[in-house]
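The next block holds one structure in the form of structure tokens; read it before the comments.
The values are calculated or read from the model by the stated rules, or taken from the named source; none is laboratory data. Just so you know, these numbers come straight off a predicted model, no measurement behind them. In this analysis, Cβ positions are derived from the backbone assuming ideal geometry, glycine residues included, and neighbour counts consider all displayed protein chains.
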Ligand code: G
Ligand code: G
Ligand code: NA
Ligand code: MN
């Protein structure tokens, strides 16, 4: 109950809500291909509260829209700084289901891109399969307008929802992210291996870039390379880190 009140207060000020960034690596060459922004809340008395403990509550109210606006604002401001330092790196922001039902979202995204002078092509938005399946027609209209802006769209946690192939084909998405539960199991469980292989082939046949999430070991990297997966993200490469740390990493790798 108080979490929403505290979140409202956190949204009034600045500093309590901030972003961590986790890099995604190309599987051939292992270059940083882009970053994912992950929301963090440093509560003044309770310390760090993970997003899973407050995003679901925020989704039940209009607060999620203000929270999303804050996340986009923080990400785009950081992207502008990195661009000024010579690092035009794509950044993905996670979108809640609720936001995809908001017809005002594309205008909000456009306004923030303009304000921060960041090209739409550098921004990615991750949406979960279940979000898109909920109210498909409404989501589709919002996704199409976002896509028309030039923003890249990713299907997150792929394999955990029930996207039909026909549906996936019609979605204006550019990237498919295989859920980490399948990736973790792929070197030990035959069914997970089949699912990962099938998802990679499906993505490629639809012209999508395929990302494996939750890559924790070198054996996963080897297996994913053999299957032709494009991009990998996970603790094997790097954990989510603060913006300053990411700046240092970007400087080091050029
Ligand atoms: O980084 P972490 O493991 O704590 O993230 C937990 C969950 O919270 C993940 O499912 C992630 O997608 C979600 N999440 C992280 N940041 C955001 C955000 O800014 N908006 C939304 N809607 N979800 C987020
Ligand atoms: O739902 P989403 O895919 O956005 O979740 C992202 C979450 O996954 C983040 O909270 C991040 O901390 C977590 N994560 C990133 N890499 C790994 C990994 O290699 N293993 C595990 N278990 N979690 C990871
Ligand atoms: Na995500
Ligand atoms: Mn995911």
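Side notes on the structure shown:
- Residues that are surrounded by fewer than 21 Cβ atoms within 10 Å (Cβ to Cβ), within 14 Å of ligand 3 (Cβ to nearest atom) and either under 18 Å from residue 96 (Cα atoms) or without any contact (Cβ under 8 Å) to a residue 40 or more places away in the chain (or both) within the stretch 18-38 comprise 20, 38, listed in sequence order.
- Selection over the stretch 116-140 of residues that are touching a helix residue (DSSP H, G or I) at 6+ places or on another chain (Cβ under 9 Å) and more than 16 Å from ligand 3 (Cβ to nearest atom) gives a count of 13.
- Number of residues in the stretch 39-70 that are in a loop (DSSP other than H, G, I, E, B), within 15 Å of ligand 2 (Cβ to nearest atom) and in contact (Cβ under 8 Å) with a residue 40 or more places away in the chain: the value is 1.
- Set side by side, the residues 227, 195 differ, and just one is touching a residue at least 24 places away in the same chain (Cβ under 8 Å), away from ligand 1 (no atom under 16 Å from the Cβ) and over 25 Å from residue 132 (Cα atoms), which is 227.
- Residues within the stretch 153-165 that are touching a helix residue (DSSP H, G or I) at 6+ places or on another chain (Cβ under 7 Å) and within 22 Å of residue 104 (Cα to Cα), tallied: 2
- Which listed residue is more than 16 Å from ligand 4 (Cβ to nearest atom), within 28 Å of residue 214 (Cα to Cα), modelled with pLDDT of 95 or more and crowded, with 21+ Cβ neighbours inside 10 Å, from 146, 125, 105: 146
- Among the residues of the stretch 39-64, the one identified as away from ligand 3 (no atom under 16 Å from the Cβ) and under 25 Å from residue 152 (Cβ atoms) is 58.
- Of the residues making up the stretch 157-185, those that are within 13 Å of ligand 3 (Cβ to nearest atom) and more than 18 Å from residue 204 (Cβ to Cβ) are 157, 160, 180.
- Taken over the stretch 163-194, the residue count meeting the criterion of being assigned to a helix (DSSP H, G or I), away from ligand 2 (no atom under 16 Å from the Cβ) and over 19 Å from the mean Cα position of the chain (by Cα) is 9.
- Residue within the stretch 73-80 that is in contact with a strand residue (DSSP E or B) (Cβ under 8 Å, 6 or more places away or on another chain), modelled with pLDDT of 95 or more, more than 22 Å from residue 151 (Cβ to Cβ) and not in a strand (DSSP E or B) present: no
- Inter-residue pairs, beta-carbon under 6 Å, first more than 30 Å from residue 149 (Cα to Cα) and without any contact (Cβ under 8 Å) to a residue 40 or more places away in the chain and in the stretch 174-190, second assigned to a loop (DSSP other than H, G, I, E, B) and within 13 Å of ligand 2 (Cβ to nearest atom), 6+ apart: 182/159; 184/214
- Among (1) away from ligand 3 (no atom under 16 Å from the Cβ); (2) assigned to a helix (DSSP H, G or I); (3) touching a residue at least 24 places away in the same chain (Cβ under 8 Å) - the single one residue 107 does not satisfy: (3)
- Test: residue in the stretch 11-21 that is part of a helix (DSSP H, G or I), modelled with pLDDT of 95 or more and in contact with a helix residue (DSSP H, G or I) (Cβ under 9 Å, 6 or more places away or on another chain): yes
- Boolean, residue 250 is under 14 Å from residue 32 (Cβ atoms), assigned to a helix (DSSP H, G or I), in contact with a helix residue (DSSP H, G or I) (Cβ under 8 Å, 6 or more places away or on another chain) and at pLDDT 95 or above: yes
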